[in-house]
Amino acid sequence: MKPVILIVEDEPALVSLLRYNLEKEGFATLEARDGEEALLTLAEHPVDLVLLDWMLPRLSGVEVCRRIRRGKTRNLPVIMLTARGEESDRVRGLNVGADDYIAKPFSYNELIARIHAVLRRIRPALEEEVLEFAGVALNTATHRVTRGDRPVDLGPTEFRLLRFLIEHPGRVFARDRIIDAVWGHDVYVDDRTVDVHIRRLRKALNGPGEPDLIRTVRAAGYALDTPAAQGLSG
């Protein structure tokens, strides 16, 4: 799955240029035209990085960033885009939790480089072909999965499901967000189908004597967690 970038910007022409350049680079994109829409989008869709304009209708970019850092999205990478170039403004943006700051007008090559740098630093799994967690290795190029020295045989849906979870370790996802990420927005899949594929993934992933890495959270959803973290959460 492609890393998803949320573009929060109220200038339609700039949104179109950002979307074109990001998608050409291999990213998927979502859009929000004001601060409130940005927060609603983050509540409804898995996102890997936010490009956040400073000056927005309804809710400023600074306030959006502050709220991102307070909630379940607190570890989400944020790059602020702004026409404000004063050092005090850059410091303010970084102080509320932005991971990077780029002033308009900017080079798209520089922006793409900054995005990759932030993802490498904060979410290295998105920049690698082999994703690893707690002894599980998933190769995005060959579609092979191993746990320790044991090969794990997964169907296409279970592979996409594991990839989504391993890219967001420890984070609990509701079934509807898993459906959007694994099956897509335009496909009807009910909650029971998610449960069936979680069971299949568990069966393939967990060999004899191996701890279950998939945590079920009643009335909330599923997460990929270490046994130690699951014990602490319980």
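For every residue, the table says whether it meets (1) at pLDDT 90 or above; (2) exposed (fewer than 14 other Cβ atoms within 10 Å of the Cβ).
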position: Asn21; (1), (2): yes, no
position: Thr29; (1), (2): yes, no
position: Ala32; (1), (2): yes, no
position: Glu37; (1), (2): yes, no
position: Leu40; (1), (2): yes, yes
position: Leu51; (1), (2): yes, no
position: Met55; (1), (2): no, no
position: Val62; (1), (2): no, no
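Test Asp195 against the stated conditions and say whether it is modelled with pLDDT under 90 and of a type in the set (Asp, Glu). Criteria not met by Asp195.
The residue list Ile198, Ile179, Ile102 contains one member that is farther than 19 Å from Tyr222 by Cβ and of a type in the set (A, V, I, L, M), which is Ile102. Counting only residues that are under 26 Å from Arg144 (Cβ atoms) and at pLDDT 85 or above, the range 205-234 holds 15 of them. The set of residues in the range 45-81 that are under 24 Å from Arg175 (Cβ atoms) and free of Cβ contacts under 8 Å to residues at least 40 places away in the same chain comprises Ile68, Gly71, Thr73, Arg74, Leu76.
The values are calculated or read from the model by the stated rules, or taken from the named source; none is laboratory data. Predicted model, so just to flag it, every value in this text is computed and none were measured. No Cβ is skipped: glycine too gets one built from the backbone with ideal geometry, and neighbour counts run over all protein chains shown.
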